[in-house]
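Heads up: the structure comes next, in structure tokens.
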């Protein structure tokens, strides 16, 4: 079998190489997220031990299902906003990163004050399957969010290395 330029990875179109690089980064991000996820749960347990505002805990405990669903919303919004930020021009990135930080503050505050998901079985004994799905959903969404964070860090790191390489390879122009 002859190797043609279409089968040779060196001669592929730049967009195909870019897609392959993004796919490799995405897969590496999932692998790293799988490794660090137990540590993320430990961090969340430490965050949950923070002091609580009684009035917010009271409000969120009145409707645990609503607070759990909204926690999914906060948890999904942050990594989506972070990935969206990667596609923005530099001066918009600062604004979007501030938005991500605000959303993180809201999500952490919400997590600390909402009824813990493990209490679902106690509060709703007739909904064992739904409670199991809720716990599975929280684990899955946390894993995907962690992968999105790791992906963003990898992309930023590789972009930084690329910019550094460009700066090193640029030759200063001689002024005549």
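Could you give the nm distance between label points at residue 123 and residue 88, where each point is 7 Å from its Cα heading toward the beta carbon?
Spacing of the two 7 Å Cα→Cβ label points: 3.3 nm.
Give me log10 I(q)/I(0) at q = 0.20 Å⁻¹ for the range 12-168, Debye formula, one equal scatterer per alpha-carbon, no solvent.
-1.35
Please give the helix 14-48 orientation as an angle from the longest Cα principal axis of the chain, in degrees from 0 to 90, rounded to the nearest 10.
30
Add -39500 (n - 2.57) for each DSSP H run of 4 or more in the chain, then divide by its residues: what number comes out at 222 nm, to the nearest 500 deg cm²/dmol? It would help to have the intermediate numbers written out before the result.
Numbers: 6 runs with 135 residues, N = 176.
So the calculated ellipticity at 222 nm is -27000 deg cm²/dmol.
Take every Cα pair under 8 Å in the chain that's 6+ residues apart, average their separations, divide by the length, and report that relative contact order as a whole percent. Write down the numbers at each step before the final one.
Numbers: 104 pairs, mean separation 57.3, N = 176.
Over the chain, the number comes to 33 percent.
Coordinate-derived values only; no laboratory data. Just so we're clear, the structure is a prediction, and the values are computed from it rather than from any experiment. Heads up, the Cβs are rebuilt from the backbone with ideal geometry, glycines too, and the neighbour counts pull from every protein chain shown.
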